[in-house]
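Scroll down for the structure; my scribbles are underneath it.
A short reminder: the numbers here are calculations on the coordinates, not readings from a lab. Predicted, not measured: the structure shown is a model, and the values here were computed from it. Cβ placement follows ideal geometry from the backbone for every residue including glycine, while neighbour counts extend to all protein chains displayed.
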Amino acid sequence: MPVTPPAPQSPDPTLAARRDTRWLLLGLLALGLALRLPLMGRSVWFDEACMSDQRLGTWAQLLATLYVDIHPPLYVTFMHGWNALFGDSEWSMRTPPLLCGLASIPALFWTGRRLVGRRAALWAATLLTLSPAHVWYSAEARLYAPMLLSTLLAVGAVDRLGDPMHARRAWLWWLHAANLAAMLALHYYLAVHVVLLAVLPPLWRGFSADTRRLLVWHGVGVLLLGAFVLAKRALGEFETAQDYLRAMTGRELYVLLVDWCWTGNTLPAAGTMLDDVAQETSELLGLLLMAAGAVGIWRGRRHRPNGFLVPIAMLAIPLFLLATAAAGLGRTYTERSTLPTLPFVLLLAGKGLTAMPLVAGRWLGLAALGFATASLVALFRYHEERWTVYKPNPDWRAAAAYLGAEVDGGAAGRPVFTPTPNPRPLSYYDRRIQDEKNLTPPATPAQIGDRVRRRLGDWLGDQAERVFRDFADGNAALLRAAALRVYRTAADPAALRLDERMRDDVCYLVRDHWHPHPAIDGSLEALVQHPRVEVIERRAFPGITVHKVRIRP
């Protein structure tokens, strides 16, 4: 009897989709790396120089920095160890944020596919790859890219751990515990997410063993952070506002969500009418996609009940900052401190693209990709000379090389004057250049020791005094060895204490064109125009100008 051959089996569509997704994510990672690498070698600016050995290289410097730092201790402590292992070059210091930025691309898909669906999550991951804001902060030696990654991991883990239908995996609990600790030790604003992700699962899932476990873990973490804050306040070194920050308002919230998160404020950089029209069109597209995404999440709530986590995570930090502004803490906001908002804006937009009719979604998706590409072109074209995602990074490396060459030519002992609050990058690139104010401790070692003794006892007070004495001694040694000392400028030479600072009649004036702006502090410009001042040489670098001047008696 003839044997009937088995019917050919059709390929498993789920397996094929997974394979396609892996290849797409690998392609996005390669593209993301290619877009971020060009920014890795740019000159460091002040915040990045604070992550270098210049400030964190010794144990005394690390402890002194932790004492005054406005952030929790994790990132500066990590960078102290990282620099010891790999050095503190521009590329080395920026590698941890780069790795976190790249890891955020698949993490966004991992978090988003259960909340908004596979296609929407892939759209979001694509837009994050092309995001000017994400490109910028993935190549900056600061804590903002790690903040974004840890927030994504926390939302994705809580979505799964609070779901009784999801397989309980011990590794995910341990990952979440480690990530929770990292969030609370990275940035105070991330505590908002930690609190929300503790209280929301019991509200929509009820009290189960898993949701109670989440509540306890998150609660313990927040209590420990609160104890740390109280200790900082007791020692008198906990700041709740900064002069360079501003208040979150309704207008600021709008600009954050429909402008900065989409284009990084790059499209208007060229200053033409066409760029302004493109920016406004991009804003309208962002509003449309986010509104469609919100509707899509509401309509799909039965199949994806946790989708509401997307708008909640998107608004968590901005609404917290609105509340702090209403409470009187006005200087608490800058865009980079809300970077964890970005991936959830894009998830909402991805959901909007897939919730629309197929043809409309495709055309609007192409438009979103077009605006993202145009924004990247503007970023790479103008980031050295115009305000885009953030103010440009002045070329401190070139300025330090010029001043170093002057030292080599016999300029040692001459002063440098600048209106920049803290020109730390000059010292980063050339240790022979030291800023006198930069090396001044916040108080004397004895004063700090007495403050700690009153709060925490004699032993810790003695240790604190010893650490700050070592810190002060190290700073004094750097100043003694400095070939050029940097001082704050003034509009009139009579206010510069020239008799005690000048070796001869020549000095250097350094203008960072972005901090502070001449409209805020025009002292250097006034000094250059003073009748006693003669400009010998002027060197212009991207974002920074150095004047070599003679000041006559």
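Quick one: net charge of L39's neighbours, Cβ under 9 Å, K/R +1, D/E -1?
On the way: positive: R36, R42, R94; negative: E140.
Computed value for this residue: +2.
A quarter of the convex hull surface defined by the alpha-carbon atoms of the range 396-551 gives 10.3 nm² as the mean projection.
Using mean Cβ contacts within 10 Å as the protection proxy, how do 397-410, 515-528 order, highest first? Kindly include the intermediate steps, with their values, before the conclusion.
Values: 397-410: 17.6, 515-528: 15.5.
Taking the mean over residues of other Cβ atoms within 10 Å, the ranking is 397-410, 515-528.
Provide the net charge surrounding I105, with neighbours chosen by a C-beta distance below 14 Å and charges set as Lys +1, Arg +1, Asp -1, Glu -1. Spell out each step's value before the answer.
Numbers: positive: R22, R36, R113; negative: none.
Counting the neighbours of I105, the net charge comes to +3.
Neighbours of W260 by Cβ distance under 12 Å: Lys/Arg scored +1, Asp/Glu scored -1, total -3.
In plain terms, the C-alpha convex hull of the range 32-174 casts an average shadow of 10.0 nm² when viewed from every direction. When F109, F471 are sorted by how many other C-beta atoms sit within 10 angstrom of their C-beta, beginning with the fewest, the order is F471, F109. Projecting the Cα atoms of G350, L403, Y382 onto the dipole axis of the range 330-412, where Lys and Arg carry +1 and Asp and Glu carry -1 at the beta carbon, places G350 farthest toward the positive end.
What angle, in degrees between 0 and 90 and rounded to the nearest 10, separates the Cα long axis of helix 90-116 from the longest principal axis of the Cα atoms of the chain? Its long axis makes an angle of about 20 degrees. Based on DSSP H segments of at least four residues, each scored -39500 (n - 2.57), the chain has a per-residue ellipticity at 222 nm of -19500 deg cm²/dmol. Pairing the Cα long axis of helix 396-406 with the longest principal axis of the chain, what angle in degrees results, from 0 to 90 and rounded to the nearest 10? Between the helix axis and the principal axis of the chain, the angle is about 20 degrees. Think of the chain as a dipole: +1 on every Lys or Arg Cβ, -1 on every Asp or Glu Cβ, centred on the Cα centre; then among G286, P202, I551, P202 lies furthest on the positive end.
What number, in percent, do you get for the relative contact order of the chain if the mean sequence gap of Cα pairs under 8 Å and at least 6 apart is divided by its residue count?
In percent, rounded to a whole number, it is 15.
The string of couplings for the range 458-471 from the Karplus curve (6.51, -1.76, 1.60, θ = phi - 60°) is 5, 4, 5, x, 5, 5, 5, 5, 5, 4, 6, 5, 4, 4 Hz, one whole number per residue in order, with x for Gly and Pro. Plainly put, the chain has a radius of gyration that is 1.03 times its Kirkwood radius, both from alpha-carbon atoms, as the Rg/Rh ratio. Applying 1/(1 + (r/R0)^6) with r as the Cβ-Cβ distance of W204 and W173 and R0 = 22 angstrom yields a FRET efficiency of 0.65. Helix 273-299 versus the longest principal axis of the chain: what angle, 0 to 90°, nearest 10, using Cα atoms? Tilt of helix 273-299: around 40 degrees.
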